[in-house]
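Taken together, the values in this text are just the output of simple stated rules run on the coordinates, not laboratory data. What you are looking at is a predicted structure, and each value in this text was computed from that prediction instead of being measured. Don't worry about glycine lacking a Cβ; one is built from the backbone with ideal geometry, like all the others, and counts go over all protein chains shown.
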Amino acid sequence: MAVTQFEAADARRCFPCWDEPAFKAKFKLTLEVPSELVALSNMPAVKETVNGPLKTIYYEESPLMSTYLVAIVVGLFDYIESSTSQGTKVRVYTQVGKTNQGKFALDVGVKSLDLFKDYFATPYPLPKLDMIAIPDFAAGAMENYGLVTYRETALLYDELLSSASNKQQVAITVAHELAHQWFGNLVTMEWWTHLWLNEGFASWVSYLAVESLFPEWNNWTQFLDETTSGLRLDALAESHPIEVDINHASEIDAIFDSISYDKGASVIRMLQSYLSAERFQKALASYIKKYAYSNAKTEDLWAVLEEESGEPVKDLMTTWTKQQGYPVIYAKLNGNDLELEQAQFLSDGSSGPGIVEDSYALSVACKQTVTSLLRLLNAYRNESDYTVLSHVTSVCLSISKISFDATPDLNKDIKQLLINLLLPAAKKLSWDRIDGESHLDVMLRSLLLTALVKLGHDETINEGVRRFHIFLGNRKTSLLPPDTRKAAYLAVMRTVSTSSRAGYDALLKIYRETAEAQEKSRVLGSLSSSPDKEMVLEALNFMLTDEVRNQDSFYILGGISLEGREVAWTWLKKNWDYVLKTWPSSSLISDFINSIISPFTSEAKAAEVSEFFAGCIKPSFERALKQSLERVRISARWIESIRSEPSLGQTVHELLQSGV
């Protein structure tokens, strides 16, 4: 198989071109390939000639488009197809034998194209749309004009093998990439400083589409996860504005992050709410028409929105897109007067003076105690809503991690308190599916069981291990459907050690025998989670073998146990030159930096890391390194604050005794 990925500035490595988004051109491609292979490009083929073992394929000339959107895919594929209401042919290509897993994405794709045609009041501009699942792909997906490439996990869905969260992610990813056909491909940012015009809008409108297609998923409520992701990164001094100056091609990859995507999407939703959905949609349609087959910058969008709405959009929005960070507001009574003070919020607490996430952020910044945070969490003990509990669970796991180092004498009690908080909802759902349960209930079960395993709840771990052993004997058993397998796999790894490694070997066997990408990712995400340091090291070394695709390294990296932090850091130092050579792209190398460095919690470790990287920093990972070091220092400061809380132990014991 051969697949191109030209964003941001790699088309120049394939053919001579002015490889910048504003230099749009028409492309007329001809490919010569082995005659037995399928060859795809942005446009449909118009002619094909065969000469022995080779064939030559001639493609229609494209409309004006940017170089980074040109695409070529060659390989052995099957496909399924359908058509939009306007007759546009839509296909999903997969490896041979996997087309059945493309049906859900095909349905979402066809419906999304129809929805966006109406929303932007502009027809889909090309004669066809192909979506193709690539087994080894550095990005999650790429919106190439008329030929969208995806990781298999982002496009394929199997009713028997995929989880509910997989299904939801496929829908959002497909809608995101197809939104780009208008916002990004038809109208393209003038320069990479305006990347957020592509990614922020595609992220926002993907939720708009999925909310329309699957209203029972409460997708706009789940959008809070996007906002939270943006806020957590934006609370770092090493964040960046939504519009960030890009002076060289080597700087581009580093801004494909939560600021461009999640914060960008969140401020767009804020603006839509301010202007009203109807006026906003009308203005976007005007913007698309005005700049079709051309380029635009952020100010161009504001100008159209101002003209259509009569509101001072530029003055309002510039403060959000050109300034880094977000505010915290303090209120106090001075006699009969209410005084408000606003300043930039930073997690390190150095400047500045949703409810769970705000309280957590203030605690990390040492502006609020963990004691008060725990009391707030206690109020959610009877909660059963997926979106609320997803945030509660995230905060619980973060507290558990920091207490591991901050208060080892209290760590067990804090974990038990957090377990007590999540257990009622988990017991209500149990391990087994209930007839008539909702999509969100299915996702909540997976979320809670996984969290309870990570918190060390013995009953959940034992049940996960029990079901896993039954599953080994019968892979089709309903006792371990896709939604609960991750919890079971993690439970198995919590019991694994060098002297008792049967569970690890059994997971490797599952990994080697399955052809399903989502199942492989579940296994990989569990292998490094053992508390046994030698098993963590073995998982990291397994990642270096040819059995693990480079794109999948982040699953193993993201699963490293707290007990394995030091061995992972030693491993990274030893293998750094190899890692840098093997994972050269910014997004992949950043996974190594973020996953291995960020979990540390001491100034001494931050100094050690800084010393190791001194003199060898490259643009591809410089921002990730600075952000990771900042997180380490923030954690170190938070730990000192927690240790000085005189009432923390008393509060924990009170809440435990209250039966929560």
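Rounded if a/c is under 1.5, else prolate if a/b beats b/c, else oblate: with a ≥ b ≥ c from the C-alpha gyration tensor eigenvalues square-rooted, which is the stretch 176-326? Rounded shape, in that the Cα axes give a/c under 1.5. When the GluC sites (Glu not before Pro) in the stretch 1-83 are filtered for DSSP coil states and for at most 12 other beta-carbon atoms within 10 Å of their beta-carbon, the remaining sites are Glu36, Glu61.
Charge dipole of the chain (Cα centre as origin; +1 on each Lys and Arg Cβ, -1 on each Asp and Glu Cβ, all else neutral): 1080 debye, rounded to the nearest 20. For the stretch 99-193, applying the loop criterion from DSSP together with a ceiling of 15 other beta carbons within 10 Å to the chymotrypsin sites (Phe, Trp or Tyr not before Pro) yields Trp191. For the stretch 1-137, the residue among Gly97, Thr30, Tyr68 whose Cα projects farthest onto the positive side of the dipole built from Cβ charges is Thr30. Within the shell defined by Cβ-Cβ distances under 13 Å, the residues around Ile556 carry a net charge of -1, with Lys and Arg each +1 and Asp and Glu each -1. Extension gain for Trp191 to Ser276 (0.36 nm times residue separation, less C-alpha to C-alpha distance): 27.7 nm. Taking square-rooted eigenvalues a ≥ b ≥ c of the alpha carbon gyration tensor, is the stretch 229-299 rounded, prolate or oblate, where a/c under 1.5 means rounded and, failing that, a/b exceeding b/c means prolate? Oblate.
Close amide-amide hydrogen proximity is noted between Ser530 and Ser561, each under 5 Å apart and 5 or more residues distant or on a separate chain (H modeled in the peptide plane; Pro and chain starts excluded). Panel order for Asp405, Asp505, by other beta carbons found within 10 Å of each beta carbon, from fewest to most: Asp505, Asp405. Quick one: if the Förster radius is 56 Å, what FRET efficiency do Ala121 and Val50 give, using the C-beta to C-beta distance and rounding to 0.05? Result of the calculation: an efficiency of 0.80.
Cross-link partners of Lys314 among lysines, defined as those whose alpha carbon lies under 16 angstrom from its own and excluding same-chain residues fewer than eight positions apart: Lys297, Lys322. Across the stretch 423-501, the mean sequence separation of Cα contacts (distance under 8 Å, 6 or more residues apart), normalised by length, yields a relative contact order of 32 percent. Along each principal axis, taking the top coordinate minus the bottom one, the Cα set of the chain gives 77, 70, 58 Å in descending order.
Electrostatic bookkeeping for Val536 treats Lys and Arg as +1 and Asp and Glu as -1; over the other residues with beta carbon under 11 Å from its beta carbon, the sum is -3.
With R₀ set to 35 Å, the beta-carbon distance separating Lys103 from Tyr578 gives a calculated FRET efficiency near 0.30. One decimal place: the segment Leu479-Asp435 gains 14.4 nm when fully extended, by the rule 0.36 nm per residue minus the C-alpha distance. Among the trypsin sites (Lys or Arg not before Pro) found in the stretch 378-432, not one is both in a DSSP coil and sparsely packed, with 10 or fewer other Cβ atoms within 10 Å of its Cβ. In the chain, the DSSP beta bridges split such that about 70 percent are antiparallel, to the nearest 5. Rounded to the nearest 20, the size of the Cβ-charge dipole of the stretch 567-660 about its Cα centre is 320 debye, with Lys and Arg at +1 and Asp and Glu at -1. Between the residues Gln324, Ala303, Tyr293, the greatest Cα displacement towards the positive end of the dipole of the stretch 293-332, with unit charges on the Cβ of Lys, Arg, Asp and Glu, is found for Gln324.
Counting only residues 5 or more places away or on other chains, whose amide H sits under 5 Å from the amide H of Ala71 once H atoms are built in the peptide plane? Here the answer is Asn42, since their amide H atoms fall under 5 Å of that of Ala71. Which whole-angstrom value gives the distance between the alpha carbon centres of the stretch 57-114 and the stretch 314-368? For the stretch 57-114 versus the stretch 314-368, the Cα centre distance is 46 Å. Measuring from centroid to centroid over Cα atoms, what is the spacing of the stretch 496-558 and the stretch 188-221 in Å? What the calculation gives is 33 Å, centre to centre.
Ellipticity at 222 nm from helices only: DSSP H runs of n ≥ 4 in the chain, each -39500 (n - 2.57), divided by the residue count, give -16000 deg cm²/dmol.
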